[in-house]
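Engineer: Quick one: the structure is below, questions incoming.
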Amino acid sequence: MHRLSRRSVSTILRSTGSASRYGSAATAVPFSESVVDGEAKFRWYSVLTTGREIPNKTKQLNLKHTFFLGTRYESTAAESDSSSSPPSVGEKYEYQAEVSRLMDLIVNSLYSNKEVNASDALDKLRFLSVTDSELLKDAADLDIRIQTDKDNGIITITDSGIGMTRQELIDCLGTIAQSGTAKFLQALKDSKDAGADNNLIGQFGVGFYSAFLVADRVVVSTKSPRSDKQYVWEGEANASSYTIREDTDPENHIPRGTRLTLYLKRDDKGFAHPERIQKLLKNYSQFVSFPIYTWQEKGYTKEVEVDEDPAEAKKDEQDDTTEKKKKTKTVVEKYWDWELSNETQPIWLRNPKEVSTEDYNEFYKKTFNEYLEPLASSHFTTEGEVEFRSILYVPAIASTGKDDIVNPKTKNIRLYVKRIFISDDFDGELFPRYLSFVKGVVDSNDLPLNVSREILQESRIVRIMRKRLVRKAFDMILGISMSENREDYEKFWDNFGKHLKLGCIEDRENHKRIAPLLRFFSSQSEEEMISLDEYVENMKPEQKDIYYIASDSITSARNTPFLERLLEKDLEVLFLVDPIDEIAIQNLKSYKEKNFVDITKEDLDLGDKNEEKEKIMKQEFGQTCDWIKKRLGDKVASVQISNRLSSSPCVLVSGKFGWSANMERLMKSQTVGDMSSLEFMRGRRVFEINPEHEIIKNLTAACRSNQDDEDALRAVDLLYDAALVSSGYTPEDPAQLGGKIYEMMGMALSGKWSPPPEVQHPVSSQPGIPETLEAEVVEPVQADGQK
């Protein structure tokens, strides 16, 4: 069995909630020293100092007459424990068989970390006190208090909740999933008296045993308002039994609730540091509806006298005229006091009408450590089958580093259960990876606190939440696209456009939501991207399809021969210049009943077919097509007359079901590309010729006169290679293509700029007699070459 990571006393801070479901949430009160005139006088004492009274200024903490831990602590927690009176003899109980078997599973496998609420017991008490006010008579305040002893590795968590009776201790802490909360809810359901506060969590037994992730020994002291006695449950890790005894020591008594004491393992004593507890509370329990207090060391400054130096004192005695002033210095007096750790009210629980844009932006910056304001936010509550509250944000810029488009494991969504932070480490459970850039918080009352990765993956509740979150995210993005400020969506598209294109590939169910958000350049809009809605609005009345071409740049797409006839007919063509564009469009297939058509594929229909004209063309150039096909052999599947060319002599188109030239280029460039599949997917290529071009007319004449002419055959080879390049394919032998071009250039340029050969004059046969030279008449020529 594998050992899991150690991160957590939130297991304790959540699973003590388990204890609090029957017990209570930690509290602390003044200790009564005497009674004068029927009123108790209270003094406040430090828990971790010896009999030191806390300064009056600490009384500013509004604890009223709540109760402390039930003991006047004058030493450390360990010392006070050892100095207490001998406990009464406890009764020993064996765990249920399934508990013994599951203990190891729970501790080592169920929880993914050690950081995991003690508010259920408070919820339960508050609900029951509506019909029975006597339950609150001992202490009205409901809170949770956490005290640590870092030297001895002890954590004490006390709540002022409903507590447990002796029988409830036996039933609940010795039985998996035998939860008093579950029974409580069942009673509410049977009586049909369920209210707004009936969403208590019922996984108590499992949650409680998670305490053994970090503790060797766990002691639970609990006092129910329905009982006059306080009982203590004690168990050890890896033990097969536990003990329950009555707590007869008056110093350990608490008015009501549960006190959970954890004796930490040696490797986990770091959790007993007050700073560590404070950090965990801020991360996991910042928004719990009940106050949580932690025992923190504080200090205040005061002036104290300083002993005089003997030499200076003797000098002062000799000089009686000098006024003596007492020397003082400022010191910091240390003391321990309770500190409120969760005073922030969750913004998502407030009415959206009462929350300003500034409040949303401030919460976004603080929660996600951002410095720019978000592009949009959405605050909503879903009700019905599943209820949860959420605030979602669209960031202004994309994250850098590991949080890229192919990494679904981002920490952008923070999941809370009853305002208790559960996790921000998700692998696509709440959002698909193409929407992983969306940030926000989700607070659900329907999920259990001990939620794990397995629960998230299999939970029907999570699947429903995911659908609604995705829908709200799309509504938010659509709002940006419809904004009057077009720059907002341009900024969004620059940062997250690829994410939405990935959604076309991965999320077929949401194609109708993704498609209106896509943006592309086109043959009629090379500077500014257009939406598919704008393309459809600009379509010609007779146009049935949406045309596109995939290329590596706008320039190459603009100059491709495939566009010639479409531009003449004023048909708009989308330019897909992003590597992911072509796959995204192929997965969309259609938009508003208009099919996407790749203009580089065979059988292109431009809506102007003339069967009579095609028949005549085939009769006239059929022989030429067969001759070219015979010369090219297996390089092409067929040679056809093109209906898409106007100025180019030929083009090489791909088959309907094979890769396009752009896709073939992309697949070849893959680091781990499979060359065997490349040959299979490349498919058939069709060589299309333009019968109206002079080159094709000359080749047709050559075909009719002499099909074996070497120059004509070399021209066909060069024509194919040129079509290969202009159509976006890569030549199989670039050097051979270069040699053919050089040969053709040599033939075309031969002697064009060479100087005329010099005239050799005969030498005179008679020596000494100079040869008569004929004068050459040179006409004057101007600088521009005219006479």
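Engineer: Test of understanding: among D443, D494, D424, which residue is open to solvent by less than 20 Å² (accessible area, probe 1.4 Å) and either among the acidic types (D, E) or modelled with pLDDT under 80 (or both)?
Structural biologist: From the options D443, D494, D424, the qualifying one is D443.
Engineer: Still on this structure, I have one more. Kindly indicate the residue of the range 653-666 that is out of contact with any Phe, Trp or Tyr (no Cβ under 6 Å at 6 or more places or on another chain) and of a type in the set (A, V, I, L, M, F, W, C) and also surrounded by the most Cβ atoms within 10 Å (Cβ to Cβ) among those meeting that condition.
Structural biologist: V653
Engineer: Follow-up question, since we're still on this one. For the range 371-406: of the residues being touching a strand residue (DSSP E or B) at 6+ places or on another chain (Cβ under 8 Å) and open to solvent by 30 Å² or more (accessible area, probe 1.4 Å), which is modelled with the lowest pLDDT?
Structural biologist: Selected residue: E387.
Engineer: Determine the pairs where a residue that is assigned to a loop (DSSP other than H, G, I, E, B), located within the range 223-237, has a partner that is of a type in the set (D, E, K, R) and buried (at least 17 other Cβ atoms within 10 Å of the Cβ) with Cβ atoms under 6 Å apart, the partner being 6 or more residues away or on another chain.
Structural biologist: Taking only residues 6 or more apart or on different chains, the pairs are P225/R256.
Engineer: Being open to solvent by 30 Å² or more (accessible area, probe 1.4 Å), in contact with a Lys or Arg (Cβ under 8 Å, 6 or more places away or on another chain) and not in a helix (DSSP H, G or I) is the filter here, so list the residues in the range 606-649 that pass it.
Structural biologist: G607, D608, A637, I641, N643, S646
Engineer: Could you check the range 541-560 and list, in sequence order, the residues that are part of a helix (DSSP H, G or I) and open to solvent by 10 Å² or more (accessible area, probe 1.4 Å)?
Structural biologist: Result: I554, T555, S556, R558.
Engineer: Same structure again: Whether any residue in the range 247-255 is outside any loop (DSSP other than H, G, I, E, B) and of a type in the set (A, V, I, L, M, F, W, C) is what I want to check.
Structural biologist: No, there is no match, as no residue in the range 247-255 is outside any loop (DSSP other than H, G, I, E, B) and of a type in the set (A, V, I, L, M, F, W, C).
Engineer: Is it true that E323 is modelled with pLDDT of 90 or more and open to solvent by 50 Å² or more (accessible area, probe 1.4 Å)?
Structural biologist: Taking the combined requirement at face value, the residue does not satisfy it.
Engineer: Do we find that R565 is within 22 Å of C703 (Cβ to Cβ) and more than 35 Å from the chain's Cα centre (by Cα) in this structure?
Structural biologist: Working: within 22 Å of C703 (Cβ to Cβ): no; more than 35 Å from the chain's Cα centre (by Cα): yes.
When the stated conditions are applied, R565 does not pass them.
Engineer: Quickly run through the range 232-258 and pick out the residues that are closer than 17 Å to R217 by Cβ and either open to solvent by less than 30 Å² (accessible area, probe 1.4 Å) or acidic (D, E) (or both). Spell out the reasoning first.
Structural biologist: Here is the first cut: in the range 232-258, the ones closer than 17 Å to R217 by Cβ are 232-245, 247, 252, 258.
Result: V232, W233, E234, G235, E236, A237, S241, Y242, I244, D247, T258.
Engineer: Does the range 427-435 contain any residue that is open to solvent by less than 10 Å² (accessible area, probe 1.4 Å), in contact with a strand residue (DSSP E or B) (Cβ under 8 Å, 6 or more places away or on another chain) and either at pLDDT 90 or above or not acidic (D, E) (or both)?
Structural biologist: yes
Engineer: Output the number of the condition that G503 fails; it satisfies all remaining conditions of (1) open to solvent by 20 Å² or more (accessible area, probe 1.4 Å); (2) farther than 22 Å from E572 by Cα; (3) out of contact with any strand residue (DSSP E or B) (no Cβ under 8 Å at 6 or more places or on another chain).
Structural biologist: Of the numbered conditions (1) open to solvent by 20 Å² or more (accessible area, probe 1.4 Å); (2) farther than 22 Å from E572 by Cα; (3) out of contact with any strand residue (DSSP E or B) (no Cβ under 8 Å at 6 or more places or on another chain), the odd one out for G503 is (1).
Engineer: How many residues are surrounded by 13 or more Cβ atoms within 10 Å (Cβ to Cβ), part of a loop (DSSP other than H, G, I, E, B) and over 25 Å from the mean Cα position of the chain (by Cα) if we restrict to the range 328-349?
Structural biologist: Residues flagged as surrounded by 13 or more Cβ atoms within 10 Å (Cβ to Cβ), part of a loop (DSSP other than H, G, I, E, B) and over 25 Å from the mean Cα position of the chain (by Cα) within the range 328-349 amount to 2.
Engineer: From the list V219, V206, pick out the single residue that is within 26 Å of I154 (Cβ to Cβ), open to solvent by 10 Å² or more (accessible area, probe 1.4 Å) and modelled with pLDDT under 85. Give the steps one after another, and end with the answer.
Structural biologist: On the way: V219 fails: modelled with pLDDT under 85.
Within the list V219, V206, the selection yields V206.
Engineer: Further, regarding this structure: Give the number of residues within the range 538-581 that are in contact with a strand residue (DSSP E or B) (Cβ under 8 Å, 6 or more places away or on another chain) and over 15 Å from S522 (Cβ atoms).
Structural biologist: Of the residues in that region, 2 qualify.
Engineer: Still on this structure: Looking at the range 582-622 only, could you name the residues that are out of contact with any strand residue (DSSP E or B) (no Cβ under 7 Å at 6 or more places or on another chain) and closer than 17 Å to I530 by Cβ?
Structural biologist: A584, K592
Engineer: Could you look through the range 355-371, keep only residues that are in contact with a helix residue (DSSP H, G or I) (Cβ under 8 Å, 6 or more places away or on another chain) and part of a loop (DSSP other than H, G, I, E, B), and pick out the one that is farthest from K439 (Cα to Cα)?
Structural biologist: V355
Engineer: Here's a follow-up. Would you say Q286 is under 31 Å from the mean Cα position of the chain (by Cα), open to solvent by less than 90 Å² (accessible area, probe 1.4 Å) and modelled with pLDDT of 85 or more?
Structural biologist: Details: under 31 Å from the mean Cα position of the chain (by Cα): yes; open to solvent by less than 90 Å² (accessible area, probe 1.4 Å): yes; modelled with pLDDT of 85 or more: no.
No: the conditions fail for Q286.
Engineer: If Q278 passes every condition in (1) within 30 Å of P225 (Cβ to Cβ); (2) open to solvent by less than 80 Å² (accessible area, probe 1.4 Å) but one, which one does it miss?
Structural biologist: Of (1) within 30 Å of P225 (Cβ to Cβ); (2) open to solvent by less than 80 Å² (accessible area, probe 1.4 Å), only one is false for Q278: (1).
The values are calculated or read from the model by the stated rules, or taken from the named source; none is laboratory data. On a predicted model such as this, the values are computed, not experimentally measured, just so you know. Positions of Cβ are generated from backbone atoms using ideal geometry, with glycine treated the same way; all protein chains shown enter the neighbour counts. Each accessible area value is taken on the protein alone, full model and side chains, heavy atoms only, with ligands, DNA and RNA left out. Shrake-Rupley method; radii C 1.70, N 1.55, O 1.52, S 1.80 Å.
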